[in-house]
Amino acid sequence: MPHERFQFTGVGGHQLAAALDTPDGPIKAYALFAHCFTCGKDVLAAKRIAVALAAKGIATLRFDFTGLGSSEGDFANSTFSSNVADLVRAADHLRETRKAPAILIGHSLGGAAILAAAGQIPEAKAVATIAAPSDPVHVTHFFKDRIEDIRAQGEGEVSLAGRPFRIKREFLDDVAEQNLMAQVKQLHRALLVMHSPTDDTVGIDNATNIFISAKHPKSFVSLAGADHLLSGKQDAAYVADVIGAWAERYVDLAPQPAADTGNAPRNVVVQETRNGKFQQIVTTGPHRLIADEPVAVGGDDTGPGPYDFLLTGLGACTSMTMRMYADRKSLPVDRITVTLQHNKIYAKDCEECETREGMLDQIDRVIRIEGELDADQRKRLMEIADKCPVHKTLTSEVRIVTKAAE
């Protein structure tokens, strides 16, 4: 599946590292995934579920919370509330750059955070939790022997999954103040609760509490045999399959046709994927393309280069313009093929050019016209090629206005 990496600004002003797994074909819906406490966006469960959902047409965004993975900031300064706020920021980023998430998914403490964030993401129609606690304070059970010291000293180091983390008194106060079940009662979204009855990290009673508190439509699926982290590949695949099938009832997963904007120009958005040195994702309307540079200049050659796209625009416009003329004049044109190449030449070698020194850009365009046409018809079609709008743009004075985004 195509995989994009980028950053967005979290509620604390830090840059948060994100990954978006997208389908090879049309995107049916967007999902936002929240990972478990002290994990990261690349934990196996999150990665496997996101990739599996992308294969079903659901683009899935996951990101590292503050101070985790590749995100900026200090983990010790984060709280449950700040994580919830960052989930809302992630949804805002999707809304601004692509489309707001219709599906929210959270694993472990990320499931509790998703439940708390859902009310602030109006486009979300379906919420799924995986091994989620019904009370965020549950996470403090993992370092209960350190709670008194943390409260007394203001902060302290704890060991979680064999790794050291600093926890502050503010985190303890924040989780203690949460009333998650009250939010679940006011969820007003379709809810899917998934939990293993043998989960020894977050007990099955948490799923019971969430399910009982929620109003219909709600569903429960047992993840029998799975561990808390869904470390089994088949368990993550099963979760993705169930979410994909369940969401169809509540989310319109039919690919949406492009909106009719009349003659208004539509934006072309080019954004780094952070995969390799130069790879970019190009989005225009419903279309998504990859841009890159050849290996010889430091790229990975995963897509056309900038000049390739420039030549593509000229070639496509040339062929389309000639086709429109041929059809209007009822000319027997079977097929038009345009082959282009960009080179640098010495100005002194161009007799008709005004510039006489240095180097010039030259585009060589070879046009093949198939069909039973006479010489005059072919000559006229070749003249029409120069009337293509992109050709006119490239050979006229072009003004490019550049400004910084707000």
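Some observations on this one:
- Note on segment 9-30: residues that are open to solvent by 30 Å² or more (accessible area, probe 1.4 Å) and in contact (Cβ under 8 Å) with a residue 12 or more places away in the chain amount to 10.
- Given (1) among the hydroxyl-bearing types (Ser, Thr, Tyr); (2) part of a strand (DSSP E or B); (3) within 26 Å of the chain's Cα centre (by Cα), index of the condition residue 339 fails: (3)
- The residue list 235, 227, 200 contains one member that is in contact (Cβ under 8 Å) with a residue 12 or more places away in the chain, buried (at least 17 other Cβ atoms within 10 Å of the Cβ) and either out of contact with any Ser or Thr (no Cβ under 6 Å at 6 or more places or on another chain) or not hydrophobic (A, V, I, L, M, F, W, C) (or both), which is 235.
- Qualifying residue in segment 311-318 (condition: within 30 Å of residue 377 (Cα to Cα), without any contact (Cβ under 8 Å) to a residue 60 or more places away in the chain, buried (at least 16 other Cβ atoms within 10 Å of the Cβ) and among the hydroxyl-bearing types (Ser, Thr, Tyr)): no
- Whichever residue in segment 38-55 is over 12 Å from the mean Cα position of the chain (by Cα) and surrounded by 24 or more Cβ atoms within 10 Å (Cβ to Cβ) and, among such residues, is farthest from residue 91 (Cα to Cα): 45
- Out of 239, 202, one residue alone is in a loop (DSSP other than H, G, I, E, B) and modelled with pLDDT of 85 or more. It is 202.
- Scanning segment 260-310 for residues that are open to solvent by less than 70 Å² (accessible area, probe 1.4 Å) and among the small types (Gly, Ala, Ser) returns 262, 264, 276, 285, 291, 298, 299, 303, 305.
- Residue satisfying all of: in segment 264-292; small (Gly, Ala, Ser) and in a loop (DSSP other than H, G, I, E, B); modelled with the lowest pLDDT among these: 264
- Test result for residue 75, more than 26 Å from residue 270 (Cα to Cα) and touching a Pro at 6+ places or on another chain (Cβ under 8 Å): no
- Taking the criterion of being of a type in the set (Gly, Ala, Ser) and surrounded by 13 or more Cβ atoms within 10 Å (Cβ to Cβ), the only residue of segment 327-367 that qualifies is 347.
- Only one of 6, 33 that is surrounded by fewer than 24 Cβ atoms within 10 Å (Cβ to Cβ) and under 28 Å from residue 278 (Cβ atoms): 6
- Filtered residues of segment 373-406 (kept if aliphatic (A, V, I, L, M) and surrounded by 15 or more Cβ atoms within 10 Å (Cβ to Cβ)): 373, 381, 384, 385, 390, 394
- Being among the hydrophobic types (A, V, I, L, M, F, W, C), in contact (Cβ under 8 Å) with a residue 60 or more places away in the chain and open to solvent by 100 Å² or more (accessible area, probe 1.4 Å) is a property that does not hold for residue 324.
- Subset tally (residues that are hydrophobic (A, V, I, L, M, F, W, C) and out of contact with any strand residue (DSSP E or B) (no Cβ under 9 Å at 6 or more places or on another chain)) for segment 121-138: 1
- Segment 203-224 - residue that is more than 28 Å from the chain's Cα centre (by Cα) and among the small types (Gly, Ala, Ser) and, of those, most open to solvent (accessible area, probe 1.4 Å): 224
The values are calculated or read from the model by the stated rules, or taken from the named source; none is laboratory data. These numbers were taken from a predicted model, which means no experiment stands behind them. In this analysis, Cβ positions are derived from the backbone assuming ideal geometry, glycine residues included, and neighbour counts consider all displayed protein chains. Note: accessible area is taken over every heavy atom of the protein model, side chains too, but ligands, DNA and RNA are not part of it. Shrake-Rupley method; radii C 1.70, N 1.55, O 1.52, S 1.80 Å.
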